[in-house]
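Enquirer: One structure, as C-alpha cells, below. Some questions next.
The values are calculated or read from the model by the stated rules, or taken from the named source; none is laboratory data. Quick caveat, the model's predicted, so the values are computed rather than measured. Cβ placement follows ideal geometry from the backbone for every residue including glycine, while neighbour counts extend to all protein chains displayed.
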Amino acid sequence: MKQALTGNEAAAIAAKLARVKVISAYPITPQTAVVERLAEFVANGELDAEFIKVESEHSALSACIGAAATGTRTFTATSSQGLMLMSEMLFVASGLRLPIVMANANRSLSAPLSIWCDQQDSMAVRDSGWVQLYCENNQEVLDSVLQAYRVAEELLLPVMVCFDGFILSHTAEPVDIPGQAEVDEFLPPYKLPNPLDPCRPVTMGPVGVPECYEEFRCMLQEATRASKEKLIEVGRAFWKHFRRRYGLIERYRSNDADVLLLTMGSLGSSAKDIVDSYRKRGEKVGLVRVRSFRPFPVKELIDALGSAKAVSVLEKDVSPGSAGALFLDTAAAFINVKRAPLMLDFICGLGGRDVSSLHIREAVRAATRAAEIGEVRKAVRWLGLREKLVGLRI
Amino acid sequence: MKLTPGAVITEPGSTTRYQTNGWRTFRPAVDSGKCTGCGLCWLYCPDAVISRGKPPGVDYRYCKGCGICANECPAKAITMVPEERG
Amino acid sequence: MREELVEEELFAPGHRACAGCGATLAVRLALKALGKNVIVANATGCVEVISTPYPETAWRVPWIHAAFENAAAVASGVEAALKSLGRRGVKVVAIAGDGGTADIGLQALSGAVERGHDFIYICYDNEAYMNTGIQRSSATPFGAWTTTTPVGRVKRGKDRPKKDVPAIIAAHGAPYVATASVAYPIDLIKKLRKAAATEGPTYIHIHCPCPPGWRFDSDKMIEVARLAVLSGAWILYEIKNGRLNVTIKPPKRRPVSDYLKMQGRFKHLTDAEIAEIQRTVDERCRHLGVG
C-alpha cells in the first residue's frame, strides 16, 4: 500500500511492523513525530507494546538496555542532543551485545543551539559499536528499520538508522508500506540467547578485567565486520520479499566515471540530479552513496571509486582539527591500494544550511580540475560558507 | 575458557571459585559449650560463611576474619584467634 | 521470622568486598528476604564491582549492570519487558549506593517512581563514594571527614546536612518507602517483603556502615549500625501510603556522641560541634516521634 509518509512516520510504522515489544523514547525536534505516532499506535491498541515515556534520553536507552536484556524487541528514537545524552549508554548497549534498533533524525549539535539538519550527531558516536545506516529517502527509512532488526538480532549488535532531520523527517514522500504478513515472514520473532530470567540466572555487565577486556572489544569489532556480510545477505532477503534492493553502498552512473561524488543521506538524491545533468552533456560524472557507514565498506569503496580520477566527498559533518569523517575513512580505505583517486572533502550543509545544485556543481568542478592537473591543492574545503561572516579566508 | 559475547556470565555464584581466606589475620573460633544456637552470627555475616546450627559451622575457605560474629555473639561463644603463619 | 528465612545464599561468598562490609550484608539479607524470583539491576558502585569480576559472579539471581546513574531506568526497561511478555511473579529490584541514588541517579529514580513501575529500589547507603575511595556524596552526614571534605584549618568535614532521599521518594506518592539498617535484619527483611508484596514503586534505604570509609575496625560494623539507630542518628521507619510509622523505637536514646566517637571520620569534632549534631538529631527525632 502506497501512502505519503514523512521520515518520522516511516520510522514509526516500521517499528510497528517489526512488532516491537518495548519502546522507550524521549521527544526531541526533529524526531518528535516518531514518538507521537508510536504513542498513538499503543494507545489505539494497534501495537501491543509497552511504551516507557522516560524522563531523559539517557534513561530512554538505559530502559531499552534493560528491556532488550530481558529478551524483548526494543526500539528508541532520538536526535542531536538526545543522542549525545545517550552516548554513554550507546557504548554499553554494544558492549552488552544487545540488538536494540534506534531511529536517529540527524540534527546539528549545540552550541550555538540549532534544531536543523546535519550529521554531526551520529558521526560523533561513530565509534560506539553501533551499525550505522544512512537513508536517502523515506522508503529507505522504513525498509532500513526492518532490515536493522534482522542484522541486530542475528549478530547481537545495536543498529542506528539515520535520516536527515526535516529534509526527510518532516517531508512527505510516497512510501510503499508492506503488509504485516509479509513483514512477519521476513522478520520472525527472536530469542536472545541468554536473557535475564530467574529460571536461568545470568550476570550481564560484569567488571571486564584487563585479562579479557581487549578480547571483548575485539569480539565487538569482529561482529561489526561480520555485519557487512549480514547486511548484504539481509538486503538480498529483503529483495526477495519486497523487491527493493539495498547494499552497503549505492552506485549511480559510477562505473565509467572520471569524477565521482561521494556522500551519505538525502544529499544522494540531490547529487543524482546533478550527475544526470552532467551525463546529458556527455561528461563522465557519477555518484557513490555510502549507506552503511559502520561497518565501513572498504572493499566496496575501493571497487567503486578506484577507477575514477578524482572524488569529491560531500558531507554534513566535520571533525574540528581534522576533516570530515567520511573523507577520512574513505582516504584510509585506499592506504594500501596502489591506484587511488585524488580526493577532496567538502564540508557542507551544517546546521540546516541549504546545499544547492550550485554547491554540488562546485564540488564536481573542483574534482574535474584536480583530475586535469593531477593534484589536489586544498583537500578540505567548505561549501556555501559565508566567508565574510567568519572574517577569515577559508 | 571461551569468552561469551557481551561478557555474559552463565555460571551463577561462581565467585566461590575464589577463596578469600588469604585475607584473614584472625579466625573465629566457636566454643560449642557456650553457643546457644541463636543464629545471629549467621544473620550478620557479610560473606555468608556461617551456617545455621548449634554450634554454627564456619566455612574457612571464604571467611575474611572481619570479627563481626565474635563481636555480636550474645553468649560470647566466638573468639577471634590469630591466624597461624602459613 | 528468623526460622522461615531461606538457608540458601543467593549472594555467594568469594566476592571481593572488604571484610565487614555493610553493603554486602544488606544485599545478602535483601536477597534472603526476596528469594529467587527477582531480576536485579545494579548501579555502578562497590556492590557491582566486588561481585562480578569476569568470569565470576557472586549473584545467583539474574543481574544486570549498565552504568552508574541509571539503575532505576534499566529496572524500568526490565519491568516493561516482563509486562510485555506477560511474565508475572518476577519482582524487579534496582540496587544502588548513596551516590548512585542521592546524586547521579536521582533523576532516573525520580522518573521511574513517577511512572509507577512495579519495582523495588534499594539504596545501600554507606554515606560516601566508597568505591572511588571515600569522597563526599549528598548522603554524607554533617561533619563527616571524607577525602573531599578534609579537615583543615578553614573547613572541618562536610558542611552540609545529609540529603533526605526517602522523603523525596515519599513525596512522589510511592506506595511504600522505608528506612532500614543492617543491624536490624528482621526489620529489614520484613520491610523488603512488604515492598515485594506492594504493587508499584517501592523504596528501601538501608544504612550500611563501611569500616574503611568510616574509619572503624571491621568487627564493629553491626555495633556502629546499631548505635546509629539507638542514638537516633538513623531512624527506622516506614511510610505506607503516605503514613509514617517508626518501626524501631529505642527505649532510651543514647547520646549521639556514642555513635560518633566510634568512627574516625568524626574524630575531629569538638564538643560544641557534637552538641550541634545532637541538637539536629533531637529535632528530627521529635519531628518523627522517636523518644
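Enquirer: Could you tell me how many of the residues in region A:1-53 are part of a loop (DSSP other than H, G, I, E, B) and of a type in the set (D, E, K, R)? Reasoning before the result, please.
Expert: Our first condition is that a residue be part of a loop (DSSP other than H, G, I, E, B); within region A:1-53, this holds for A:1, A:6, A:18-21, A:26-31, A:44-49.
Adding the requirement that they be of a type in the set (D, E, K, R) leaves A:19, A:21, A:46, A:48.
So the answer is 4.
Enquirer: While we're on this one: Restricting the search to region C:271-291, which residues are in contact with a helix residue (DSSP H, G or I) (Cβ under 9 Å, 6 or more places away or on another chain) and outside any helix (DSSP H, G or I)?
Expert: Within region C:271-291, C:Val290, C:Gly291 meet the criteria.
Enquirer: Among the residues of region A:115-123, is there at least one that is outside any loop (DSSP other than H, G, I, E, B), among the acidic types (Asp, Glu) and closer than 23 Å to C:Ile64 by Cα?
Expert: Step one: filter region A:115-123 for residues outside any loop (DSSP other than H, G, I, E, B), giving A:120-123.
With the extra rule that they be among the acidic types (Asp, Glu), the set shrinks to A:121.
Right, trim to closer than 23 Å to C:Ile64 by Cα and you get none.
No, there is no match, as no residue in region A:115-123 is outside any loop (DSSP other than H, G, I, E, B), among the acidic types (Asp, Glu) and closer than 23 Å to C:Ile64 by Cα.
Enquirer: While we're here: Given the criteria out of contact with any helix residue (DSSP H, G or I) (no Cβ under 7 Å at 6 or more places or on another chain), surrounded by 23 or more Cβ atoms within 10 Å (Cβ to Cβ) and not in a loop (DSSP other than H, G, I, E, B), does A:Leu326 qualify?
Expert: Working: out of contact with any helix residue (DSSP H, G or I) (no Cβ under 7 Å at 6 or more places or on another chain): yes; surrounded by 23 or more Cβ atoms within 10 Å (Cβ to Cβ): yes; not in a loop (DSSP other than H, G, I, E, B): yes.
Judged against the criteria, A:Leu326 is a match.
Enquirer: Here is a further query. Does C:Ala128 qualify as being touching a residue at least 40 places away in the same chain (Cβ under 8 Å), surrounded by 24 or more Cβ atoms within 10 Å (Cβ to Cβ), farther than 30 Å from A:Thr74 by Cα and among the small types (Gly, Ala, Ser)?
Expert: On the way: touching a residue at least 40 places away in the same chain (Cβ under 8 Å): yes; surrounded by 24 or more Cβ atoms within 10 Å (Cβ to Cβ): yes; farther than 30 Å from A:Thr74 by Cα: yes; among the small types (Gly, Ala, Ser): yes.
So C:Ala128 fits the description; yes.
Enquirer: Ok, one more. What number of residues in region C:26-53 are over 17 Å from A:Leu196 (Cα atoms) and facing chain A (nearest Cβ under 7 Å)?
Expert: Summing the residues that are over 17 Å from A:Leu196 (Cα atoms) and facing chain A (nearest Cβ under 7 Å) in region C:26-53 gives 2.
Enquirer: While we're here: Answer yes or no as to whether C:Arg60 is modelled with pLDDT of 95 or more and either facing chain A (nearest Cβ under 8 Å) or more than 25 Å from C:Gly133 (Cα to Cα) (or both). If you could, list the steps in order and put the result at the bottom.
Expert: Details: modelled with pLDDT of 95 or more: yes; either facing chain A (nearest Cβ under 8 Å) or more than 25 Å from C:Gly133 (Cα to Cα) (or both): yes.
Here the answer is yes, as C:Arg60 does meet what is asked.
Enquirer: Name every residue in region C:226-244 that is more than 17 Å from the chain's Cα centre (by Cα), within 26 Å of C:Leu260 (Cα to Cα) and not hydroxyl-bearing (Ser, Thr, Tyr), in order of residue number.
Expert: Quick first cut of region C:226-244, residues more than 17 Å from the chain's Cα centre (by Cα) only: C:230-231, C:240-244.
Cutting the leftovers down to within 26 Å of C:Leu260 (Cα to Cα) gives us C:230-231.
Hit for region C:226-244 is C:Leu230, nothing else.
Enquirer: Working only within region B:15-39, note down all residues that are facing another protein chain (nearest Cβ under 9 Å) and farther than 16 Å from C:Ser218 by Cβ.
Expert: B:Thr15, B:Thr16, B:Arg17, B:Tyr18, B:Gln19, B:Cys38, B:Gly39
Enquirer: I would also like to ask the following. Please specify each residue of region B:53-86 satisfying the condition of being more than 10 Å from every other protein chain (Cβ to nearest Cβ), surrounded by 19 or more Cβ atoms within 10 Å (Cβ to Cβ) and under 14 Å from the mean Cα position of the chain (by Cα).
Expert: Result: B:Pro56, B:Val58, B:Ile78.
Enquirer: Taking A:Ala103 as the residue in question, decide whether it is buried (at least 24 other Cβ atoms within 10 Å of the Cβ), aliphatic (A, V, I, L, M) and more than 10 Å from chain C (Cβ to nearest Cβ). Working first, answer last.
Expert: Numbers: buried (at least 24 other Cβ atoms within 10 Å of the Cβ): yes; aliphatic (A, V, I, L, M): yes; more than 10 Å from chain C (Cβ to nearest Cβ): yes.
Answer is yes for this residue.
Enquirer: Separate question: Taking the stated definitions as given, is C:Glu48 of a type in the set (Asp, Glu) and in a helix (DSSP H, G or I)? Don't jump to the end; show me each part of the working.
Expert: Numbers: of a type in the set (Asp, Glu): yes; in a helix (DSSP H, G or I): yes.
Considered against the rule, which asks whether it is of a type in the set (Asp, Glu) and in a helix (DSSP H, G or I), C:Glu48 comes out as yes.
Enquirer: Between A:Thr76, A:Thr72, which is within 12 Å of chain C (Cβ to nearest Cβ), under 27 Å from C:Phe68 (Cα atoms), part of a loop (DSSP other than H, G, I, E, B) and hydroxyl-bearing (Ser, Thr, Tyr)?
Expert: Numbers: A:Thr76 fails: part of a loop (DSSP other than H, G, I, E, B).
From the options A:Thr76, A:Thr72, the qualifying one is A:Thr72.
Enquirer: Additional query: Considering only region A:258-298, how many residues are part of a loop (DSSP other than H, G, I, E, B), touching a Leu at 6+ places or on another chain (Cβ under 8 Å) and more than 23 Å from A:Phe166 (Cα to Cα)?
Expert: Residues meeting the conditions: 2.
Enquirer: I'd like the full set of residues that are buried (at least 17 other Cβ atoms within 10 Å of the Cβ) and under 24 Å from the mean Cα position of the chain (by Cα), limited to region B:1-17.
Expert: Selection gives B:Pro12, B:Gly13, B:Ser14, B:Thr15, B:Thr16.
Enquirer: OK, next. A:Leu85: touching a residue at least 60 places away in the same chain (Cβ under 8 Å), within 14 Å of chain C (Cβ to nearest Cβ), surrounded by fewer than 24 Cβ atoms within 10 Å (Cβ to Cβ) and of a type in the set (A, V, I, L, M, F, W, C), yes or no? It would help to see each step written out before you state the result.
Expert: Values: touching a residue at least 60 places away in the same chain (Cβ under 8 Å): no; within 14 Å of chain C (Cβ to nearest Cβ): yes; surrounded by fewer than 24 Cβ atoms within 10 Å (Cβ to Cβ): yes; of a type in the set (A, V, I, L, M, F, W, C): yes.
Spelling it out, it is not the case that A:Leu85 is touching a residue at least 60 places away in the same chain (Cβ under 8 Å), within 14 Å of chain C (Cβ to nearest Cβ), surrounded by fewer than 24 Cβ atoms within 10 Å (Cβ to Cβ) and of a type in the set (A, V, I, L, M, F, W, C).
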